[in-house]
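Working notes, beginning with the structure itself.
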Amino acid sequence: MRALLLGSGGRESALAWGLSRSTCIDDVVAAPGNPGIARVADLVDVALEEPAAVVELARRIGAGLVMVGPEAPLVAGVADALREAGIPVFGPDASAAKIEGSKAHAKSLMERAGISTAAWRSFTDAGAAVTYLDELGPPYVIKADGLAGGKGVVVTSERDAAIAAVNERLVENRFGVAGSSIVIEEFLDGEEVSLIALCDGIDVAACEPAQDYKRARDGDEGANTGGMGSYSPVPSCPPDLAARIVDEVIEPMVRQTAAEGAPFVGAIYAGLALTGKGVKVVEFNARFGDPETQALIPRLSSDLGEAALATATGQLRGTELRWSNEVCVTVVLCSRGYPGPYASGHEITGLEAAGRIPGVAVFHSGTRETNGKIETAGGRVLAVSATADSFGGARARAYQGAAAIDFEGKYARTDIGLRAERIEGSES
Ligand code: AMP
Ligand code: GLY
């Protein structure tokens, strides 16, 4: 069987690697892919957000499974079109992907499903929004309703900055239609955990928990980014807590979307805060997380292709994903300046040397090939994942890999996985 994988980031690099090792998948085609993905897949170009173009491509190459990596094609209805054409697809229809495409929609679904989340209200009027900000008090959380490439959320203790965030969205239209409506919500204080589960519309098979580092600088300082690193499993979310999250968050959401006529097929992602008042949902996504996936796939010992196909064809019942006992730490290498402006086109060296370190896998995010050389082409450039039998060991390997790679302006946090290593140290 041939699988078509849509996307070109670090998440897709990890998924391509997983699919290429599957016993039920003969070959992988990625669109548009990147130079890292090209080592395990053939690349073709396609307009990712044009459902008809994706269906045409899937038919032309005879894809028996299409896996959609990023959210934008899902919200654009790519999975709907593939499903209508009778092609098995891993990824929800647009109606189900709205759990990520509209924050207000996700919040009201959670309310109807009885899922614990931050108190919230949705606004189109700036004055009313500011009144609610004052009612909640600091820290303030302001979110563009629609997709904003991870840049739509502001968390701040400054009232002036909060009001500016409201105005940028509702008055100055800086986020276009994505920001023409906003959600303001209660601040959730607590460690964040990501729980991702495969879902075939009815049944679910959960991944082990992962944790993402959202802030740009060490010690969780600096701007919110797409994710500066990750690790799995998560010592502060042990198996019994993860099982409860599946029962109390994932399953109720899956039942609710199905009951409302939009069954969820694909990877459902719950971003959670472990607060003093229990686990609360920060957000839902309609896809695998980036960079959580780069820390999960190296630990997955069951067959990704089989699980994806079972998900796409409604046959997930009885499937349990199996995980290696090793832990994984993923360090993202960025272009200096990210998430603000940064330069591209710098040559990357040391990729082979990093890949030879035991337990290390290098996943490409923002790279391109020019005249036979790999160069930087994005804010997040590479993800260096390392497995080992302890967080200390995995951190050492990941940072050894990160040090072996070089490009002008290379930047990485130095504390990825450190929290887990400390918990590990205090337990042994
Ligand atoms: P979201 O896109 O909704 O996940 O928001 C991006 C990031 O902003 C989250 O991963 C959190 O780090 C932070 N955030 C979002 N909502 C809240 C909240 N209610 N309280 C605290 N932090 C939040
Ligand atoms: N790592 C956060 C996300 O994928 O949305």
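Listing for the model above:
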quantity: Cα Rg, Dmax (largest Cα-Cα span) when computed across the range 2-91, Å; calculated: 11.5, 32
quantity: Mean separation of Cα contacts under 8 Å (6+ apart) over length of the chain, as relative contact order %; calculated: 16 percent
quantity: Extension gain from T313 to K373, taking 0.36 nm per residue of separation minus the Cα-Cα distance; calculated: 17.6 nm
quantity: At R0 = 22 Å, FRET efficiency that the Cβ-Cβ distance of E84 and A259 yields, to 0.05; calculated: 0.50
quantity: Rg to Rh quotient for the range 113-224, alpha carbon positions, Kirkwood Rh; calculated: 1.01
quantity: Heavy atoms of E326 accessible to a 1.4 Å probe, total area in Å² rounded to 10; calculated: 70 Å²
quantity: 222 nm mean residue ellipticity, helices alone, for the chain (DSSP H n ≥ 4; -39,500 (n - 2.57); rounded to 500); calculated: -9000 deg cm²/dmol
quantity: Translational D in µm²/s for the range 189-312 (Stokes-Einstein at 10 °C, 1.306 mPa s, Kirkwood Rh from C-alpha pairs); calculated: 106 µm²/s
quantity: E172-E408 FRET efficiency (beta carbon distance; Förster radius 41 Å; 0.05 resolution); calculated: 0.75
quantity: Lysine pairs with alpha-carbon atoms under 16 Å apart, the chain, spacing 8 or more or separate chains; calculated: 10
quantity: Accessible area per residue in Å² at 1.4 Å probe, computed on the range 125-180; calculated: 49 Å²
quantity: Alpha carbon convex hull of the range 125-180, projected area averaged over orientations, nm²; calculated: 3.3 nm²
quantity: Added length on full extension, which subtracts the Cα-Cα distance from 0.36 nm per residue, V44 to D189; calculated: 47.8 nm
quantity: Kirkwood Rh (inverse of mean 1/r, distinct Cα pairs), the chain, angstrom; calculated: 21.7 Å
quantity: Extension gain (nm, one decimal) between M1 and A128, 0.36 nm per residue minus Cα-Cα; calculated: 40.3 nm
quantity: Accessible area of D203 in the full protein assembly, 1.4 Å probe (Å², nearest 10); calculated: 40 Å²
quantity: Approximate shape of the range 330-398 as ellipsoid semi-axes (Cα gyration tensor, √5λ), whole Å, largest first; calculated: 24, 15, 7
quantity: Residue-level accessible surface for T131, protein heavy atoms, 1.4 Å, Å²; calculated: 90 Å²
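The values are calculated or read from the model by the stated rules, or taken from the named source; none is laboratory data. These figures come from a predicted structure and were not determined experimentally. Because the Cβ atoms are built from the backbone with ideal geometry, glycine has one as well, and the counts that use them run over all protein chains shown. Note: areas computed on protein heavy atoms with side chains; ligands, DNA, RNA excluded. Shrake-Rupley method; radii C 1.70, N 1.55, O 1.52, S 1.80 Å.
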